[in-house]
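Here the structure is laid out as structure tokens; the discussion comes afterwards.
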Amino acid sequence: HDDEREKGLVDVPDNLFSEIDKRNKLSAIDRLQGALISWAAKGANYKGVEGIEDFLRLYRGLPNDQILLRGKMIGAISLLLTDVQSINLILSDWYRAILDEHSFIRASAIEAWEKVPRKLIENFPNLFIESVAVLLTDPYIIVHKAAVRTLRHNPLPKEHSFIIQNKLWSLILHYSNTNKQDEFTVDCIETLISTGISAEQIEGSTGKF
């Protein structure tokens, strides 16, 4: 038995610890990159129109295959917001990111909504709000999770609650029948309740389900 135990220890791949070290370094670089981008966005915000345009120019100049960097920059885009003018400056880039071919970009785009100041939400056009809601029907769970988490912390305007409720209900129906997604199903349910569904719905067939 001791021989087998010793053999098991010896059989640990030589590169195991170097792989762990590599992952830790990549994670640290990832966090640092995210922090630098957030600082850059806040600095651009402070400089006003000129700073916002500089930030957007840098974002637009990124190669299409720089998915992680593009995602991090679009995820910080709402940090540029201060007034209606700043909304108009960033809206087209943000809208394109919501429709991007890469799921990570789409997920990052919806995550940016969490940092939109509540006082500015009413100034977003309906088309943009509806495109945010559409991400709840995205083909990929990474986008679903980002959308549900974000809309729970920073809901869309109340007049769009009905659209959101229908889409959340569809997610609940889907993920309640999917293995290993119980926690996310609960997140969907709690987000649905936060949209203001009626007491009658909670006490009726919806609540029973």
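The values are calculated or read from the model by the stated rules, or taken from the named source; none is laboratory data. The structure presented is a predicted model; accordingly, all values stated were derived computationally and were not measured. Cβ atoms come from the backbone with ideal geometry, glycine included; neighbour counts cover every protein chain shown. Just the protein is used for accessible areas: all its heavy atoms, side chains included, with ligands, DNA and RNA removed. Shrake-Rupley method; radii C 1.70, N 1.55, O 1.52, S 1.80 Å.
The numbered conditions (1) closer than 30 Å to residue 190 by Cα; (2) loosely packed, with under 14 Cβ neighbours inside 10 Å are all true for residue 149 except (2). Screening segment 134-152 for residues that are of a type outside the set (A, V, I, L, M, F, W, C) and assigned to a helix (DSSP H, G or I) and picking the one that is modelled with the lowest pLDDT gives 152.
For segment 36-53, give me each residue that is part of a helix (DSSP H, G or I) and out of contact with any helix residue (DSSP H, G or I) (no Cβ under 6 Å at 6 or more places or on another chain). Step through it out loud before you land on a result.
From segment 36-53, those part of a helix (DSSP H, G or I) are 36-47, 49-53; that's our starting set.
Correct list: 36, 38, 39, 40, 43, 46, 47, 49, 50, 53.
Scanning segment 121-154 for residues that are among the hydrophobic types (A, V, I, L, M, F, W, C) and over 23 Å from residue 79 (Cβ atoms) turns up 134, 136, 141. Take the residues in segment 158-198 that are among the charged types (D, E, K, R) and assigned to a helix (DSSP H, G or I), then tell me which one is most open to solvent (accessible area, probe 1.4 Å). Checking each candidate, the answer is 158.
Here's the yes/no breakdown for (1) of a type in the set (A, V, I, L, M); (2) over 16 Å from residue 191 (Cα atoms); (3) open to solvent by 20 Å² or more (accessible area, probe 1.4 Å):
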site: 90; (1), (2), (3): yes, yes, no
site: 95; (1), (2), (3): no, yes, yes
site: 99; (1), (2), (3): yes, yes, yes
site: 103; (1), (2), (3): no, yes, yes
site: 118; (1), (2), (3): no, yes, yes
site: 122; (1), (2), (3): no, yes, yes
site: 135; (1), (2), (3): yes, no, no
site: 145; (1), (2), (3): no, no, yes
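Would you say residue 56 is surrounded by 16 or more Cβ atoms within 10 Å (Cβ to Cβ), aliphatic (A, V, I, L, M) and farther than 30 Å from residue 197 by Cα? Yes, satisfied.
Would you confirm, using the coordinates I've provided, whether residue 108 is touching a helix residue (DSSP H, G or I) at 6+ places or on another chain (Cβ under 8 Å), open to solvent by less than 10 Å² (accessible area, probe 1.4 Å) and not hydrophobic (A, V, I, L, M, F, W, C)?
Judged against the criteria, residue 108 is a match.
Here residue 155 clears all of (1) outside any helix (DSSP H, G or I); (2) at pLDDT below 85; (3) within 28 Å of residue 118 (Cβ to Cβ); (4) open to solvent by 30 Å² or more (accessible area, probe 1.4 Å) except the condition numbered (2).
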